[in-house]
Structures are given as structure tokens and as C-alpha cells.
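What follows is a set of notes on a single structure, which appears directly below.
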Amino acid sequence: MEHYTRSSLNYFTPRALDRAADKREDTARLAEELQAPSTRFIPVWQDRNLITEDEIPKAVFLPCADAQALVSTAESVTLLGRDGAGTIFAIGLPAEGDAPLDGMGRFRNLRWAAALLEEAECALLAYAKAMAYWHHHHRFCATCGSPTESVSGGHARVCTDAGCRWTHFPQMSPAIIVLVTLGERCLLGRKAEWLENMYSTLAGFVEPAESLEAALIREVREEAGVEVASMRYFASQPWPFPNSLMLGFTAKAASEAIRIGEDEAPGELDDARWFTREEIREGLAQGTLRLPLKLSISFHLIEDWFDAGDLGPLREIGE
Ligand SMILES: [Zn+2]
């Protein structure tokens, strides 16, 4: 499968959105769009998104008239872009006090809500959440400590100190995520804090002055004690919890023995194992194994490998 097609299987990237980067500096136009009847607003509060409480929940997009009062008191307003229905802004609401917009839904963690929402909506919520998060954590200049102000339609913040004027741009943390295989088996690990019986691909943040490839070799060695012989790029997924970009790879192992450190730091692996396709099929069918959510690149890495065998499609097992 081609890389772009493969990354399209992953949630959290709004493909039908024109990001309208060429409109971000046009302040007169932005002011008009903020008042236009067709404009919709995605509210974010305390890093959470507003979801209806219907049996099948939906994302709440505020119509222009309902959003005006919020815009004037918002912590941040970001131009997300345009789709077929009009312009879309994210509004980061002040974190203090009771939840706003009572009666329209509940502010939920997107990680909880994602599997229930339609994919295109979910992707817009992820974008809104990522921008509101970034604004909230960059209200002050990292260079001199003065307040910053939002510019470029919310896609940059500039220090208000006349002698500094440092410009801050949205940041993401790149992380590698990898399915390592050895012959007909794949390497999956689990962390102690995960749901019982949950196993997933290995992942870790890329460090400064480190290539993706070097990070992959280091993470697999640190987490499982396994050496990597070769690797291949798979696809990527924005992961807004809070601001990662997952860079997916497949890799072939050069060694088999798994070593989990005895004095591992919290958050490191609690267990790692080589699984055959049959063990995965059995585990899922009997409920003794859980895999990551189907919207994640980790599931797609496992699925791509599993489906190359002769046990049928992974996503149909246990359904
Ligand atoms: Zn400054």
C-alpha cells in the first residue's frame, strides 16, 4: 500500500480540510470570517472536546451566533481552515471555573471519545485540541518570560516585550513506533498501567540530535533488549495526547532474546513477547489478549503484518 493511503487509515488528520495557510496574515479577512454566518467553532476546555450526550455521540460545532461571546473571552482563537461548509475556528476556553456550554454536551477526553465519533469530526477535534493546548502552554515567552500574543490566525505567538519579540511556533514531539518481526513472529510489549492483557507495538520519543532510525534502534534495545537488523518506513499519525507525531516503521530483528530491565523507570515495559499470528488470533478470540484501538497506527502496523498471513483479516476476529 502506498504511504499516503496507509496514513489515511489513521485517525486525527483532517484530510478534507483546506488549512488556508495563505489567509492567516489577512487580519481584515479573519475578522470578517469570525462573524460570517457559515463559520463554525470548535470549543476546547481543559484539553477536552465538547461531545453530545446522545446514544451515538457527536462533536459539537458551535454556530457563529452562539460563539461570539466566547470568542471575546477566549484564551485562544485559531483559524483551522475551510471545508465545503465554511470556515472553522478552534476556541480555547479559559480553564478556570465550571464547564462552559452546559446543556450542549460534555467536555470529554478525546482519547475516550475517538472510537465513538465519525472519523472526519474526530480529526477536526484533534486539530482544535492540539492548537488550544499549544496556546495554553505558550502564554509566556520561553526566552524572557513576558506575555506572548497570538498572531497569524493563531498559528504563531509573538513575545510582547519590545526588546525581545521572539516568535513561537506550534511544536510537536516526534516519536517512533515500530512493529519488530522475527521470522513469522512479531514483538509486542505492555506497560503495567495499561488495561489487563493489552499488548502493543514498541514506541518512544526521538531525542535531540538523534535520527528516527537511531531512535528506533535505541528504543527497541532499551525496552526489550532486542537488536534491529533492518527497518522500513510505514506511515505516520498525529497523536494529540498531547502533541506527538507518531512515525511508524516495520523492522526485522537481529536477535531473539528479550530482556526487560529489572530497575526500569515508570512507563517502561512491564512485559514483551514474540507472538505468532495464531497466538494473536487465539488470544483475541478467547479474550485473553487486547490490541490497541483500531484507529491507531499501532493497530495498523499489527494488522498489516497479520493480514499478510493466512488467518484472514485481523479486524474481523472477535467481532
Ligand atoms: Zn520574550
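The values are calculated or read from the model by the stated rules, or taken from the named source; none is laboratory data. All figures in this text were calculated on a predicted structure; none of them were measured in a lab. Quick reminder, even Gly has a Cβ in these numbers, built from the backbone with ideal geometry, and neighbours come from all protein chains shown.
Residues in the stretch 183-222 that are assigned to a strand (DSSP E or B) and free of Cβ contacts under 8 Å to residues at least 40 places away in the same chain were compared, and the one that is nearest to GLY283 (Cα to Cα) is GLY204.
Applying the criterion of being among the polar types (S, T, N, Q) and in contact with a helix residue (DSSP H, G or I) (Cβ under 9 Å, 6 or more places away or on another chain) to the residues of the stretch 1-45, the residue that is farthest from TRP134 (Cα to Cα) is SER38.
Every test in (1) assigned by TED's automatic domain parsing to the domain that holds PHE275; (2) among the small types (Gly, Ala, Ser); (3) in contact with an Asp or Glu (Cβ under 6 Å, 6 or more places away or on another chain) is passed by SER146 save one, and that test is (1). Looking only at the stretch 146-155, filter to residues that are assigned to a strand (DSSP E or B) and over 19 Å from PRO242 (Cβ atoms); which one of those is nearest to the ligand (Cβ to nearest atom)? Applying the filter and picking the extreme gives PRO147.
Of the residues making up the stretch 65-77, at least one is modelled with pLDDT under 95, surrounded by 17 or more Cβ atoms within 10 Å (Cβ to Cβ) and under 19 Å from ALA20 (Cβ atoms).
For THR160, the criteria (1) polar (S, T, N, Q); (2) within 16 Å of the ligand (Cβ to nearest atom); (3) touching a helix residue (DSSP H, G or I) at 6+ places or on another chain (Cβ under 7 Å) hold in every case but one, which is (3).
Could you check, for the stretch 126-135, whether at least one of its residues is within 13 Å of the ligand (Cβ to nearest atom) and crowded, with 22+ Cβ neighbours inside 10 Å? No: zero hits.
Of the candidates TYR133, TYR127, the single residue that is touching a Leu at 6+ places or on another chain (Cβ under 6 Å) and under 16 Å from SER244 (Cα atoms) is TYR127. Output the residues belonging to the stretch 284-319 that are closer than 26 Å to MET231 by Cβ and in a helix (DSSP H, G or I). Across the stretch 284-319, the qualifying residues are ILE297, SER298, PHE299, HIS300, LEU301, ILE302, GLU303, ASP304, TRP305, PHE306, LEU314, ARG315.
Residues of the stretch 165-182 that are within 16 Å of the ligand (Cβ to nearest atom), part of a strand (DSSP E or B) and either buried (at least 16 other Cβ atoms within 10 Å of the Cβ) or among the aromatic types (Phe, Trp, Tyr) (or both): HIS168 alone.
Which residues, taken from the stretch 15-51, are β-branched (Val, Ile, Thr), surrounded by 14 or more Cβ atoms within 10 Å (Cβ to Cβ) and free of Cβ contacts under 8 Å to residues at least 60 places away in the same chain? Correct list: THR39 only.
Quick check on my filter: what residues within the stretch 297-316 are touching a helix residue (DSSP H, G or I) at 6+ places or on another chain (Cβ under 9 Å) and crowded, with 17+ Cβ neighbours inside 10 Å? Residues satisfying the conditions are ILE297, PHE299, HIS300, ILE302, GLU303, ASP304, TRP305, PHE306, LEU314. Cβ-Cβ distances below 8 Å connect no pair with a first residue in the stretch 223-240 that is free of Cβ contacts under 8 Å to residues at least 40 places away in the same chain, a second residue that is of a type in the set (S, T, N, Q) and buried (at least 22 other Cβ atoms within 10 Å of the Cβ), and a separation of six or more residues or different chains.
Just one residue in the set ALA162, ALA85, ALA142 is free of Cβ contacts under 8 Å to residues at least 12 places away in the same chain, surrounded by fewer than 14 Cβ atoms within 10 Å (Cβ to Cβ) and within 25 Å of GLU25 (Cβ to Cβ); that residue is ALA162.
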